[in-house]
Amino acid sequence: MRAAAVCAVPDPQVDGDRIHAAVTAADGPLDEQRLRAHVRSELGQDHLVPDRVHFLACLPLTPVGKVDKQALARQFGPAT
């Protein structure tokens, strides 16, 4: 099963945030471009498409089992 989460990471180069998506790498490879195209077609708005996609073995969780978006933002750090 795949899991995904998104978070915003401040980026001074764009005077705002960049959207990062974290996707667990489950059964089989997943192509970043296909994923971004899928999000664009499903949501219909370019500003909702992640700027960066990261493939992770698992998503960080809080002690109560929710996705830890603060940990994701720290892991991705400032966008370059």
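The values are calculated or read from the model by the stated rules, or taken from the named source; none is laboratory data. Since we're looking at a predicted model, the values are computed, not measured. We work out accessible area using only protein heavy atoms, side chains counted, and drop any ligands, DNA or RNA first. Shrake-Rupley method; radii C 1.70, N 1.55, O 1.52, S 1.80 Å.
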- Note on the structure: Correct semi-axes for region 31-72, from √(5λ) of the alpha-carbon gyration tensor and rounded to whole Å with the largest first, are 25, 12, 9
- Counting only protein heavy atoms and rolling a 1.4 Å probe, one gets per residue an accessible area for the chain in Å² of 68 Å²
- Message: Let me check against my output: what whole-number percent is the relative contact order of the chain, with C-alpha pairs under 8 Å and at least 6 apart?
- Response: 37 percent
- Leaving ligands, DNA and RNA out of it, report the carbon-plus-sulfur percent of the accessible area of the chain at a 1.4 Å probe. 55 percent
- Query: Ordering 55, 76 from largest to smallest accessible area (1.4 angstrom probe), what's the sequence?
  - Reply: 55, 76
- note: the chain, Cα-Cα separations exceeding 22 Å make up a percent value of 27 percent
- the chain - mean residue ellipticity at 222 nm from DSSP helices (-39,500 (n - 2.57) per run, n ≥ 4, rounded to 500): -7500 deg cm²/dmol
